[in-house]
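Here's the structure, in structure tokens; my notes come after.
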Ligand code: HEM
Ligand code: FES
């Protein structure tokens, strides 16, 4: 460099114009590569048709007290349980601060008899048992995930096992007394 | 390579422009001198290479018949089994071939652990091997999803959900992996694309692995360096023939499974088409993932209030392989072979048993009991031991243990005509 015949402006630290050009070109290369890679990465995210999956309406009138149905929304099972008075009572009686994911039963329902949640274990995504009559419901009378043994209570809250969170409540609203729209 | 061959004018014409014949000769021919004392434990490297080739060939033939779509995948595999000429053979070879690929590679790895093949100057060789293991796991996992049975679907769901344990960005990563909000057609499609790609990436890494191998040559059962030509024999014909014999045995055992027990290593639930609304009561991964699955499930407690159980399990599961990367620096003993390391040898066997226990626990249901202890408890102890072996026992033993005297060369006992690896004349191996 010192032999360079072209005279170059040099400040005290020995930095010169060429260092600046290297940095600027390098930075442009990084930005340019990033701008090219991002569309590739992002193409793997949910596509517009997948995102466009409409919301669904569910008629609850046929579900007897104590029964439950499973509907599919965005490819996921949604559990809808018509809870008995005893189940509601049980869910309300639990002191909230004893829960590992503290949530009161009131926060999880719009109308106490109807519990609506996404039926996917918050551990690693299995479908917990407890929807059908005769299926094992776990130690807290709600749901039991057979994959690694998570127990959920009658409010769908995690009580025992490796799952970290309660079964999530999807966005939904009551259109009539016995019709809801999920999504 | 015989001189006659190299004098052929066509061969010489090619050799002058592309020295491929001398390259082959220096890789697996008479031009590659190998230690003269290699035992049958040294067969498993070349066997793994053959297994990879079998997987690629049967895989490409299957790919010509397979349809990667959630509505057709299961049926296209059944069609391969029933209608495609010899389709059952292709699929059974591919499915059982995957299992045998893992058996061979696991033996290959434990060979390295016993004889200290990961030590200088072979650290990079070892690291490349661990990279191959990781790539194999990813490939086998995605291949298992392709038939789109119940086990395929739920394996895909559980394994991709592991990434949701990552704080903050976990959920976005999982959605990105799926290309949707659950394991679905986009997931199957990309798994198929990657399942086709990764074996060729493995092939490339294997190439570099062998390149690194040939820089310093094979380790050997004594773990001492070769001192000169008297310690070596040409790879061809001595080890080519030995490898071929081993290959024959391997193919007999593989055939026994393919023809007489093709579904023994599989799981019957995978003959039920995938149903996103119902998880089978007992899901287990393929046998070769069981020890890692046991480690994952062992963590059912939050760690120090900052690492939730789910994240802890995932960290330990990946950590159980990551620790292999730093093994060359955890083991400070300059003596390679466990033959001359009485204490390490015992811990080696305990470690092997520990891995088997983890495998057995991985196959059992999480809430069961064995010998009056809960399976989770046994898994926790075995997981603890797994990491203690690498992080505590190996560093301690390697500094405290007094190794047995090393023979001064590979050929000495042979050429002196008897087992005189006399301790008196032995000098400790120079720091490698
Ligand atoms: C490292 C090498 C490979 C491994 C470990 C591997 C592993 C697997 C496994 C475990 C399965 C599931 C088998 C079953 O239960 O049916 C599978 C399926 C499949 N693989 Fe591979 N594979 C490899 C290479 C390849 C290659 C190179 C191709 C194509 C070019 C391929 C194409 C397929 C296809 C089409 C299926 C679905 C059909 C079936 O399930 O039998 N594989 N693979
Ligand atoms: S997925 Fe439900 S406990 Fe693991």
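The values are calculated or read from the model by the stated rules, or taken from the named source; none is laboratory data. These numbers were taken from a predicted model, which means no experiment stands behind them. Neighbour counts are summed over all protein chains in view; Cβ atoms, including those assigned to glycine, are modelled from backbone coordinates with ideal geometry.
Take the conditions within 14 Å of chain A (Cβ to nearest Cβ), more than 9 Å from ligand 1 (Cβ to nearest atom) and at pLDDT 95 or above and apply them to residue B:50. Does it pass?
So residue B:50 does not fit the description; no.
Kindly indicate whether any position in segment B:120-142 is assigned to a loop (DSSP other than H, G, I, E, B) and either under 18 Å from residue A:46 (Cβ atoms) or not assigned by TED's automatic domain parsing to the domain that holds residue B:248 (or both). Steps first, answer last, please.
Looking only at segment B:120-142, we keep the residues that are assigned to a loop (DSSP other than H, G, I, E, B), and these are B:120-122.
Restricting the remaining residues to those that are either under 18 Å from residue A:46 (Cβ atoms) or not assigned by TED's automatic domain parsing to the domain that holds residue B:248 (or both) gives none.
There is no residue in segment B:120-142 that is assigned to a loop (DSSP other than H, G, I, E, B) and either under 18 Å from residue A:46 (Cβ atoms) or not assigned by TED's automatic domain parsing to the domain that holds residue B:248 (or both).
Yes or no, residue by residue, for (1) touching a helix residue (DSSP H, G or I) at 6+ places or on another chain (Cβ under 6 Å); (2) free of Cβ contacts under 8 Å to residues at least 24 places away in the same chain:
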site	(1), (2)
A:88	no, no
A:113	no, no
A:129	no, yes
A:164	yes, no
A:183	no, no
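From the residues in segment B:279-306 that are without any contact (Cβ under 8 Å) to a residue 12 or more places away in the chain and either away from every other protein chain (no Cβ under 11 Å) or under 17 Å from residue B:155 (Cβ atoms) (or both), which one is surrounded by the most Cβ atoms within 10 Å (Cβ to Cβ)?
To start, the set of residues in segment B:279-306 that are without any contact (Cβ under 8 Å) to a residue 12 or more places away in the chain comprises B:281, B:301-306.
From what's left, either away from every other protein chain (no Cβ under 11 Å) or under 17 Å from residue B:155 (Cβ atoms) (or both): B:281, B:303-306.
Values: B:281: 12, B:303: 14, B:304: 6, B:305: 6, B:306: 9.
Filtering segment B:279-306 for residues that are without any contact (Cβ under 8 Å) to a residue 12 or more places away in the chain and either away from every other protein chain (no Cβ under 11 Å) or under 17 Å from residue B:155 (Cβ atoms) (or both), the one surrounded by the most Cβ atoms within 10 Å (Cβ to Cβ) comes out as B:303.
May I ask you to verify whether residue B:64 is within 9 Å of ligand 1 (Cβ to nearest atom) and within 14 Å of chain A (Cβ to nearest Cβ)?
Values: within 9 Å of ligand 1 (Cβ to nearest atom): yes; within 14 Å of chain A (Cβ to nearest Cβ): no.
Spelling it out, it is not the case that residue B:64 is within 9 Å of ligand 1 (Cβ to nearest atom) and within 14 Å of chain A (Cβ to nearest Cβ).
Can you work out which of the residues in segment B:246-277 that are within 14 Å of chain A (Cβ to nearest Cβ) and touching a residue at least 40 places away in the same chain (Cβ under 8 Å) is farthest from ligand 1 (Cβ to nearest atom)? Before you say what the answer is, go through the steps one by one.
Going through segment B:246-277, the residues within 14 Å of chain A (Cβ to nearest Cβ) turn out to be B:269, B:274-277.
Imposing the further condition that a residue be touching a residue at least 40 places away in the same chain (Cβ under 8 Å) reduces the set to B:269, B:274-276.
On the way: B:269: 12, B:274: 13, B:275: 17, B:276: 19 Å.
Only one residue tops the list, namely B:276.
For segment A:139-165: of the residues being within 14 Å of another protein chain (Cβ to nearest Cβ), modelled with pLDDT of 90 or more and in a loop (DSSP other than H, G, I, E, B), which is nearest to ligand 2 (Cβ to nearest atom)?
Only one residue tops the list, namely A:165.
Looking at (1) touching a helix residue (DSSP H, G or I) at 6+ places or on another chain (Cβ under 6 Å); (2) exposed (fewer than 11 other Cβ atoms within 10 Å of the Cβ), which one does residue A:45 not meet, given that it meets all the others?
Just one mismatch for residue A:45, condition (2).
Any residue at all in segment B:329-343 that is closer than 13 Å to residue B:387 by Cα and at pLDDT 95 or above?
Start the filter on segment B:329-343 by keeping residues that are closer than 13 Å to residue B:387 by Cα, which leaves B:330.
Add one more test, that the residue is at pLDDT 95 or above, and what stays is B:330.
Scanning segment B:329-343, I find at least one residue that is closer than 13 Å to residue B:387 by Cα and at pLDDT 95 or above, so the answer is yes.
Any chance you could count how many residues in segment B:333-376 are over 25 Å from the mean Cα position of the chain (by Cα) and within 14 Å of chain A (Cβ to nearest Cβ)?
The number of residues fulfilling the criteria is 8.
Listed here are the residues, each with its yes/no results for (1) closer than 19 Å to residue B:287 by Cα; (2) buried (at least 18 other Cβ atoms within 10 Å of the Cβ); (3) within 16 Å of ligand 1 (Cβ to nearest atom).
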{"site": "B:119", "(1), (2), (3)": "no, yes, no"}
{"site": "B:128", "(1), (2), (3)": "no, yes, yes"}
{"site": "B:141", "(1), (2), (3)": "yes, yes, yes"}
{"site": "B:168", "(1), (2), (3)": "no, no, no"}
{"site": "B:177", "(1), (2), (3)": "no, yes, no"}
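Where residues in segment A:123-138 are within 7 Å of another protein chain (Cβ to nearest Cβ) and under 24 Å from residue A:63 (Cβ atoms), which of them is nearest to ligand 2 (Cβ to nearest atom)? Talk me through it step by step, then tell me what you get.
Initially, segment A:123-138 is screened for residues within 7 Å of another protein chain (Cβ to nearest Cβ), giving A:123-127.
Narrowing further to those that are under 24 Å from residue A:63 (Cβ atoms): A:126-127.
Values: A:126: 4, A:127: 9 Å.
For segment A:123-138, the residue satisfying everything is A:126.
Just checking, which of B:200, B:153 is surrounded by fewer than 18 Cβ atoms within 10 Å (Cβ to Cβ) and either at pLDDT 95 or above or within 16 Å of ligand 2 (Cβ to nearest atom) (or both)? Even if it seems obvious, please write down each step before you answer.
Numbers: B:153 fails: surrounded by fewer than 18 Cβ atoms within 10 Å (Cβ to Cβ).
Just a single option satisfies the conditions, and that option is B:200.
If the requirement is being over 25 Å from residue A:51 (Cβ atoms), touching a residue at least 12 places away in the same chain (Cβ under 8 Å), out of contact with any helix residue (DSSP H, G or I) (no Cβ under 7 Å at 6 or more places or on another chain) and away from every other protein chain (no Cβ under 14 Å), which of these qualifies: B:199, B:229, B:147, B:221?
Values: B:199 fails: out of contact with any helix residue (DSSP H, G or I) (no Cβ under 7 Å at 6 or more places or on another chain); B:147 fails: out of contact with any helix residue (DSSP H, G or I) (no Cβ under 7 Å at 6 or more places or on another chain); B:221 fails: out of contact with any helix residue (DSSP H, G or I) (no Cβ under 7 Å at 6 or more places or on another chain).
Matching residue, one of B:199, B:229, B:147, B:221: B:229.
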